[in-house]
Structures are given as structure tokens and as C-alpha cells.
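One structure below.
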Amino acid sequence: MDRAKLNLDGMNGGIDGTKETGLKKVSSYCSIPDFNDYDLSKLLDKPRLNIERQRSFDERSLSELSIGLGRGFENYEHAHSPGRSGLNTPASSTRNSFEPHPIVADAWEALRRSLVSFRGQPVGTIAAYDHASEEVLNYDQVFVRDFVPSALAFLINGEPDVVKNFLLKTLQLQGWEKKVDRFKLGEGVMPASFKVLHDPDRKTDTIVADFGESAIGRVAPVDSGFWWIILLRAYTKSTGDLSLAERPECQRGLRLIMGLCLSEGFDTFPTLLCADGCSMIDRRMGIYGYPIEIQALFFMALRCALAMLKPDAEGEEFIERIVKRLHALSYHMRSYFWLDFQQLNDIYRYKTEEYSHTAVNKFNVIPDSIPEWVFDFMPTRGGYFVGNVSPARMDFRWFALGNCVAILSSLATPEQASAIMDLIEERWEELVGEMPLKISYPAIENHEWRIVTGCDPKNTRWSYHNGGSWPVLLWLLTAACIKVGRPQIARRAIDLAESRLLKDSWPEYYDGKLGRFIGKQARKYQTWSIAGYLVAKMMLEDPSHLGMISLEEDKQMKPVIKRSSSWTC
Ligand code: GLC
């Protein structure tokens with residue numbers, strides 16, 4: 001059965017003439033990669049960390065990188081990005097080539113204000129430092145996901161200690177026994193957040209952590225463990241200090257997280273089955289099933305873990321499982337989550353009720369379930385990974401985080417990555433508007449909002465997680481733009497953010513179709529809005545920093561080829 005081959009060839013030059021013939025001749029099925037093509041042993045043989053280090057730190061010098069700058073921002077994955085020499089000196093204010101924007105200094109000051117110490121050592125940043133807000137809720141805690149942009153900002157600025165402390169502290173918390181009522185959670189679960197309690201009288205510091213047992217909805221944060229792994233790699237890459245990742249406790253932490261997400265069960269898909277609200281979107285928003293945010297982070301974490309796990313007696317088995325999962329996962333995601341004009345047209349014409357292996361419409365998606373908006377939204381050129389794919393249910397919504405992480409992790413093929421950028425440009429008003437970046441698009445309203453969110457008053461249309469605009473996403477957009485070689489898109493987005501963020505006191509999110517209004521219940525001085533801006537700014541100024549958060553395409557993992565108009569242009 002040579003469909004796979006045919007499609008592969010079609011991609012490379014169009015032996016079946018698909019370029020010219022447009023829709024009619026394009027097959028609606030996806031190619032099936034020939035598994036014999038994957039030489040797993042080659043991957044397994046690679047001495048991982050050492051190779052990483054040599055490639056990163058030896059092969060490319062920083063001077064080469066600055067030459068690269070002129071060539072247009074490609075291939076920065078290998079860049080070793082040592083921090084600045086002058087600690088405490090905001091990178092963006094020390095550069096001669098750039099006029100520092102006045103808000104940079106303010107951002108650094110605010111970021112430092114949010115630092116939290118445990119027994120005299122900085123261990124993270126609190127979510128928001130908003131004294132004006134009557135309700136603190138849990139915004140005085142250090143959230144794992146929120147700390148990521150702070151960590152990157154500190155790494156870029158040559159201050160890795162807080163990142164190391166954070167990684168070790170959260171690792172310790174992972175070792176706690178976690179329970180919701182009488183039910184014990186998996187050993188590898190990482191906290192969503194933790195809080196340091198200072199007792200000034202006894203002069204003691206204690207920590208309380210939340211693994212989902214206190215969270216609204218009682219959902220464990222699936223993303224925390226993945227971010228932890230991604231951050232461990234970023235730290236290693238940025239500092240060149242391999243000793244942290246090599247510590248037995250870090251190796252164990254990695255294995256525990258891998259154990260959680262690679263465990264066998266009833267799954268028929270390589271994607272990770274999740275409860276609603278298990279990630280940045282931590283309230284009911286209809287993302288249960290196989291949300292793109294988690295799948296992209298999962299893919300990235302698998303690749304980072306593969307680079308860091310030691311192939312010793314305990315690690316070897318995980319390495320093998322990771323390699324297999326990566327192959328299956330990339331195939332599944334690139335085939336079934338990818339949507340562009342062509343694919344949309346194919347789904348629109350799907351037959352239903354197909355049975356057996358010859359089925360084209362494998363998940364029995366009923367074309368009538370395609371929402372109206374997507375036909376207008378889909379440009380002729382461009383595409384994206386949809387929100388969710390499960391039996392008879394495709395969530396066509398756009399989610400920014402998942403798509404950016406798909407680019408950074410090279411889950412997206414280079415063609416898909418460019419197509420995502422095309423979409424952002426083509427649908428700038430919808431996805432960026434006046435404040436980067438919409439967390440999801442479009443908003444759900446009325447009856448659908450009632451059913452999907454359970455009438456959540458915080459997630460009303462065009463607010464918060466329901467089509468709200470989150471400045472923190474700016475760093476992910478910027479990193480993705482640099483990776484794809486389209487920094488001008490990031491520049492435009494940063495300019496927009498700069499015109500408002502300081503004036504508005506660094507809100508958590510904005511509301512409205514264009515993101516013009518400070519969010520209804522948005523915190524001010526939200527740390528990840530501040531850090532996200534700084535990271536975006538510094539990365540654009542010096543793209544060599546991209547390497548700590550980006551993974552090059554794995555040549556061993558052949559892309560699944562699907563043709564479409566957005567790929568052939
Ligand atoms: C909100 C966000 C979540 C974030 C937390 C702290 O709950 O939905 O993503 O981590 O606030 O900022």
C-alpha cells in the first residue's frame with residue numbers, strides 16, 4: 001500500500017501534479033510513514049548530553065551567530081547563550097545598538113520585586129504583586145508555569161541561581177505524598193504552585209504546595225512537569241552546567257515524570273488524555289481530551305528528557321519508550337491536528353460511518369460539526385494545529401501556546417511552522433489585534449458558553465481564557481518568530497505591547513475582540529506579563545538566546561507529508 005510513498009513524493013516535487021491541480025487531486029488521507037525508515041538504534045546510540053554540549057558550545061561561536069543575524073534568524077538552536085557579565089544589569093539597557101525602551105528598567109524592577117526567598121535563597125517569583133487588588137487568591141504563590149518566563153529572563157541576564165534553586169525546590173516538592181481526599185496522585189506529579197510562609201517570630205520558612213488538591217476544579221497541572229523538564233534543559237543549555245541535570249535526584253525526577261506520561265493504558269492514540277483545566281487554561285473551557293497545549297508541551301518535554309536522561313540501567317528503558325512515543329506522536333499530530341485550507345476542504349467533504357483500516361475519516365468527524373467561523377477564518381495561505389482531536393470531536397479553535405510550542409519544539413515541520421506564521425499575519429486583527437496575543441480564538445458565547453464552560457462568569461466571551469489576550473504569550477510568539485525567520489512579526493507585536501503594558505501596570509490579560517480593554521478581573525503587576533515582555537525584548541535583540549528554548553528539527557524523525565496550498569506556495 002503505497003499511499004505513503006506517493007504523498008511523500010508529492011511533497012517533494014508533486015509527482016502527481018498536485019500543485020497545479022489544486023483541490024481535486026489532493027488526497028484527503030494522510031501519509032503513513034514507513035516505520036522501517038526509522039532507525040531507532042541510531043537514536044539510542046547517540047551519547048546525548050555530550051553531543052548536545054559539543055554542538056552547542058563548541059561548534060558555533062557567538063561571532064558566527066552575529067554573522068547569522070544578518071542572514072536572518074535561522075538556526076539558533078545550537079547557540080550557547082551565556083548570561084551577561086554585569087549581573088543586575090538589564091541586558092536591554094546595556095546595548096549600544098538598541099535604544100533601551102523606558103519600560104525595560106521598570107520591568108526589571110517589578111520582576112525583582114516579585115522574587116520569593118526560602119531560607120535566604122531566591123526560589124521563584126510570585127504570580128502577581130498587586131497590592132491594589134482586594135483579593136489575593138493564590139496570586140501570592142510561585143506557579144511553575146508562571147515562573148518559566150521569569151527563569152528565562154534571569155538566565156538571559158546571567159543570573160541562573162534562582163532558576164537552579166527553583167528546579168531543586170520543586171523537585172523536592174515532587175517527592176511529597178499528594179492526595180485529593182482519599183485518592184493518592186501519581187508520584188511524578190509536579191506542583192501547580194507553592195507558597196513560602198515566613199514566620200518572623202520563629203524566623204522559620206515553610207512551604208505549602210498545591211498539586212491540584214486546592215486548585216479550583218481539583219485538577220492536577222499536567223503542564224508543570226513538562227515545563228520543569230523544559231526549564232531544566234534551558235538552564236543546562238544556557239549555563240553549560242551539566243552537573244545539575246546529571247544529579248541522581250534530577251534523573252529520578254525526570255524518570256518519574258516520564259513514568260506518568262508514558263504509562264500504558266487503554267489508549268489508542270499517542271497523545272495524552274487530559275482533564276479540562278489541566279494547564280494554563282485552568283478552568284473548564286472544553287479543552288478536555290487531547291488539548292494542543294499539552295500535546296505540544298508533551299512533545300517538547302519528551303525531546304528535552306531524551307537529551308538529558310542518562311542511558312544507565314534505569315534510564316535506558318525510558319529512552320527507548322520516549323523514542324517510540326516521539327515517532328508516534330509526531331505522526332499523529334502532524335496528520336490529524338494540522339488544519340489548513342486544503343485539509344478543511346477535505347474534512348468538509350468527508351464521508352462518515354466508515355469502518356476498518358481503509359477509513360479516511362478515521363475519527364468519524366461529522367462535517368456538519370465544523371463551525372461556521374472556521375470557513376471565514378481559514379486563509380488560503382496558512383494553517384495551524386487545531387485545539388483538540390478525539391472521536392467525532394474536533395475543536396477547531398486556535399490556541400496560541402500550543403502552536404508556538406509546536407514551532408519551538410519542531411513538532412511543526414518547517415513548512416507547518418511557516419504556515420502558522422502566515423496565519424498570524426493573515427489574521428492579525430483576530431489573533432493579535434491591539435494586544436498580543438489571543439490565548440484562544442474565537443470566543444465561545446451564549447448557549448455554547450453555558451454548556452462548555454458551565455456558565456463560568458470569569459470566562460465570558462472575549463475575556464480571560466475565552467478569547468482574552470495575554471501579554472505573557474508575547475515571549476512565545478517572539479521565540480517562534482525568530483525560529484521561523486520572521487522576526488518582523490515579533491517586532492510588530494512587541495511595539496503594540498510596549499504602548500500599553502507599563503501604562504496599564506502590566507495586566508494579566510486584556511478583554512475584547514481586539515484586546516483593547518484591561519481584563520475584567522485581571523491582576524496588575526502580573527509577573528509573567530512583565531517577564532514575558534523582557535524575554536521577548538531580549539531575544540529579539542540577541543536571537544542567540546533562542547537556543548535555550550528551541551529544539552532543532554530531528555532529522556531522524558521524517559515529517560509526515562501532507563500537501564496543501566499553504567505548503568506549496
Ligand atoms: C490563572 C491562570 C493560570 C496561571 C495563574 C497564576 O489561574 O489561568 O494559567 O498560572 O493564574 O498566574
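FYI, it's all coordinate maths here, none of it is from the lab. The structure presented is a predicted model; accordingly, all values stated were derived computationally and were not measured. So basically every Cβ, Gly included, is an ideal-geometry build from the backbone, and we count neighbours across all protein chains shown.
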- So how strong a dipole does region 116-548 carry about its Cα centre when Lys and Arg Cβ are +1 and Asp and Glu Cβ are -1, to the nearest 20 debye? 240
- Query: Loop-only check: which GluC sites (Glu not before Pro) in region 383-488 are DSSP coil with at most 16 other Cβ within 10 angstrom?
  - Reply: 445
- Which of 404, 226, 124 sits farthest toward the positive end of the charge dipole of region 116-548, with +1 on the Cβ of Lys and Arg and -1 on the Cβ of Asp and Glu? 124
- At R0 = 45 Å, FRET efficiency that the Cβ-Cβ distance of residue 206 and residue 266 yields, to 0.05: 0.65
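I need 350, 336 ordered by Cβ neighbour count within 10 Å, fewest first.
Listed from fewest to most nearby Cβ atoms, that is 350, 336.
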- Query: Expressed as a rounded percentage, what relative contact order does region 116-548 have, with Cα pairs under 8 Å and six or more residues apart?
  - Reply: 14
- The simple spin-label model distance between residue 354 and residue 176, using points 7 Å out along Cα→Cβ, in nm, is 4.9
- Query: Which whole-number percent is the relative contact order of region 383-490 (Cα, under 8 Å, 6+ apart)?
  - Reply: 27
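For every other residue with a beta carbon closer than 14 angstrom to the beta carbon of residue 124, add +1 if it is Lys or Arg and -1 if Asp or Glu, then tell me the sum. Each step should come with its number before you reach the end.
Working: positive: 112, 113, 119, 145, 164, 169, 195; negative: 140, 146, 159, 161, 205, 210.
Once all neighbours under 14 Å are counted, the net charge is +1.
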- Using a Förster distance of 30 Å, the FRET efficiency for residue 198-residue 541 (Cβ separation, nearest 0.05): 0.25
- Query: If Lys and Arg each add +1 and Asp and Glu each add -1, what is the summed charge of the other residues whose beta carbon sits under 12 Å from the beta carbon of residue 451?
  - Reply: -1
- Task: List 169, 520, 203 from most exposed to least, where exposure is judged by having the fewest other Cβ atoms within 10 Å.
- Result: 203, 520, 169
- Note on the structure: Farthest towards the positive end of the dipole of region 116-548, among 309, 548, 517 and with Cβ unit charges of +1 on Lys and Arg and -1 on Asp and Glu, lies the Cα of 309
- Query: How would you rank 458, 537, 351, going from fewest to most other Cβ atoms within 10 Å of each one's own Cβ?
  - Reply: 351, 458, 537
